[in-house]
1. Could you compute the net charge surrounding Gly601? Neighbours are other residues with a C-beta less than 9 Å from the C-beta of Gly601; K and R count +1, D and E count -1.
2. Could you work out how much longer the chain between Phe504 and Ser782 gets when fully extended? Use 0.36 nm per residue separation minus the Cα distance between them, nm to one decimal.
3. Using DSSP to define loop residues, name the chymotrypsin sites (Phe, Trp or Tyr not before Pro) in the range 269-373 whose beta-carbon has at most 11 other beta-carbon atoms within 10 Å.
4. Can you flag which of Lys100/Lys566; Lys170/Lys245; Lys575/Lys616; Lys99/Lys755 are past 22 Å Cα-Cα?
5. Got a sec to turn the phi values of the range 442-459 into Karplus ³J(HN,Hα) couplings, 6.51 cos²θ - 1.76 cosθ + 1.60 with θ = phi - 60°, whole Hz, x for Gly and Pro?
6. At what distance in angstrom do the alpha carbon centres of the range 456-482 and the range 546-599 lie from each other?
7. Between Asp177 and Ala258, what length comes free when the chain is fully extended (0.36 nm per residue of separation minus the Cα-Cα distance, one decimal in nm)?
8. In the range 447-470, whose amide N lies under 18 Å from the spot 7 Å out along Cα-to-Cβ of Ser118? List them in ranges.
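Each value in this text was obtained by applying a stated rule to the coordinates, not by laboratory testing. What you are looking at is a predicted structure, and each value in this text was computed from that prediction instead of being measured. For neighbour counting, all protein chains shown are included, and Cβ atoms are generated from backbone atoms with ideal geometry for every residue, glycine included.
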Amino acid sequence: MNFYRTLVLIYFTYFLTADLFAHKDHKDEPKMPAIGIVKGMILDSVSSSPLQYASISLINLHSNEVVTGALSEENGRFIIREVPLGKYKAVIEFIGYKKKEISDINLFPGQGGGIEQSLGNINLKVSSINLAGVEVLGESQFIQTIDKQIFTVGKNLASAGGSGSDVLRKVPSLDVDIDGVISIAGDANVTVLIDGKRSGLTGSGRRGNVDNIAASMIEKIEVITNPSAKYDPDGVGGIINIVLKRGSFDGLNGTVSAMAGERGKQNLNGNLNFRTNSWNLFGSANFKTGERFGKGIRQFQNVYSNPDRTDSLFQTTKRSQIPKNISARLGADYYLSKNSTLGYSFDVLDHRDLTEQKFNYLTNDIDTLVLGQINTKKYDNGYHLDHVLSYENRFSSDNQLLKAFTSFSHEIDDVHEHGGSDSETNSISSNDKTNAFEENNNLTVAIDYTDRFKDKIGIEVGAKATVRNFGTDLTYLNDKYTSNYSEDIYAAYLVSQYELTDRFGLKFGARLEQVETKASVEGPLEHVDSTLITKIFDNAIDNSPFNNPYFQIYPSAFLLLKLTEKQNLQFGYSKKVNRPNRRTLSPFPNNTQDISRVRNGNPFLRPEYSDVIELKFSSNSRKYNLNTSLSFKNTEDVIMWWDRDYVEFDGKSYEIMTAGNAEKSESINYSGNLMFRPMPLASIMFWGYGWNSTLTDKGEADFNGNSKGTGLGGQLTLNLPRVARLEFSVRGRGKMKITTGTIPSNFSADLGIQKSFLQNKLSLTLKVSDLFDTGKFIIDTSNEVDPTDPDLDSYTRLMYAERQREVRFTSVVLNYNFGKKQNKRWNKNNMRGGGGGGGMDMDF
């Protein structure tokens, strides 16, 4: 162990002092004119396929300093301009490949040199998985390009036996709350895609719930915070694209992984691909089960001034959820030619979930104390099918690209819920049952074409049609209710790009959309038994039907400025829309058994529109990557998921949490992340974000006010050669202010330790999730209630609640890789592992 401590100390001392001494020794040297140019192309040594995002660094041979650098483009090419004259060494690095150095590069006019040097084709060799010795840190890394952020999963320990939510929690500026809902820099109005397309795999139509996706199936995460008109305008906060593994190695290759944890947690999954000259066949399967145990408390106080009294409700909750999910993915890529690919993939998910909840409560209503208990059971069974047929043609030119796809998804969800109470004063009887049958269909057809002229002018044009329908049949107290929502979207876009100089460029365009939406709720005219729940249903039926056709143009414009070869500045504007989703549209409460706090959606919501302005800055070097952004958003018809409505029933006023449209809001969002590599054996990443929003509405009081908050996170990764790999991550939020109260600060931490065997083919990982058992959500609110019924008194409602979705747990993961892991042979049609590989440039 003394040897490794000494090695780490040497690395640390070297990186801290190298720049200092280099600067000291050469600070008085005259500056050379920055007129040099270095260019070339990065290729795979076996397949000769271009490698995108390879890192090229130019190191001055005299001072040993990194002077400038670049990332290779999609066609593998790179060009580094304005290099100071001198002698250099080029260092080329890429994930999964051996580092390559080229020396001497003589940027001097005259014999043996020149101000423009072409390095030609640079072939990188794959780092064999069978090599023993020191592991290269960076197989799980964060890449920032001019328009998107890319998080390559690689060896990130969050992917060991975890879910898609575990992976997203490691991505800078992303946050996943205790309900699995994702946000970017505090904005939860994001669009989550699977392989560039909408998918039912994101679970129950929620915007961002990816617990159904095994982390081992994910290749990378792509994030665009302010997309151009080429992309769907949905998602004011941005787009998150989860790219699943497709397989890109010759021969037969695969991975098998098994996880076992506390409370019966089990996860078994595998990935497989078989590749020949003409075909790539790939598949994966995943089985997941185990109890998720959570708990919480809720306290309500209704404070009356006339007469002076306080009614209260104190409630403790215990929640147990046991999922049994089986998912599989099958697909094939057929290489029609060296430039074109036809692809097909089929995804299936079958879920069987059991959720049991126990509510213990104590009420004090007009000096009457009631102690009681409510027990509920919820069975959620269903399946999801997703078919995708894709075509890709890169022609014979690196500048042209044609992509087309059609996808169809079908989803069934069958929910049975029943519960009982041991208190006669509770409005729920032991025989109450609720059955909900949901069927959802989505058909999408799209085509996109990209071309570039003389390396200065580029165009992107495409069209897309989406037809989807959400339908729910619900049975409550033997009465049947039906909710239907349909949305048809027809779109076309044109985006052009022009590089005025080598450092300054423009990109502008527009997307046109015609949308047809229809919503309806139907139910019985009379009820045998009337409850608060039936009153909510009747209110929705009274407002039915609701049709909302609309036409909208979504412009975008961007200014791109390359400050240096390592620093970029981008200013952009775009118009966005946040359409209501299935979670916010459903008029049926998510729990009909506990009426102390009812939550339901609103099928008559209007879409919200935002004008987004964003300024982004990035700076990259061999030792660090820094990225920052600042955005301003002006939004109209704001969709509020925390709309507090009050329904009077049986002489009492009940609070209903639903969704509604506020008039407008203005918000400022900011974020930043820093990845620092002090030595090859260590990587440190920090990120933070925050927002400040002002909401205004003339109609509802709870739609007015200010909200603000901050979030922080960090991750330390250490490789101890021949010992273990360690990963420690922390994330949390500062104290948040919302329009009706506050959300106190919280944090959670995860720890993972991995040991490799059999020349890195076999690995054993120990994980502790929520290490300090602090992952709680707490909220404290106060709002005024003025009932419409003149016989009911106004009051102030105070609420305090704590909820923990899952307590701390420990798990062990065993992973085995097999196959040669030799890289792909084909050229252009394999830059993303085959046709339809899911990169963010696709399917919009």
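1. Around Gly601, the surrounding residues sum to +3.
2. Once the chain is fully extended between Phe504 and Ser782, it gains 95.0 nm.
3. On the way: sites: Phe274, Trp279, Phe282, Phe287, Phe293, Phe300, Tyr304, Phe314, Tyr334, Tyr335, Tyr344, Phe346, Phe359, Tyr361; in loops: none.
For chymotrypsin sites (Phe, Trp or Tyr not before Pro) across the range 269-373 that sit outside H, G, I, E and B with at most 11 neighbouring Cβ atoms in 10 Å, the list is empty.
4. Working: Lys100/Lys566 20 Å; Lys170/Lys245 18 Å; Lys575/Lys616 17 Å; Lys99/Lys755 24 Å.
Check vs 22 Å cut-off fails for Lys99/Lys755.
5. With the stated coefficients, the range 442-459 comes to 9, 10, 9, 10, 8, 9, 9, 9, 10, 8, 9, 10, 6, 6, 10, 10, x, 10 Hz.
6. If we compute the Cα centre of each part, the gap is 15 Å.
7. The Asp177-Ala258 span can extend by a further 26.6 nm.
8. The answer is 454-456.
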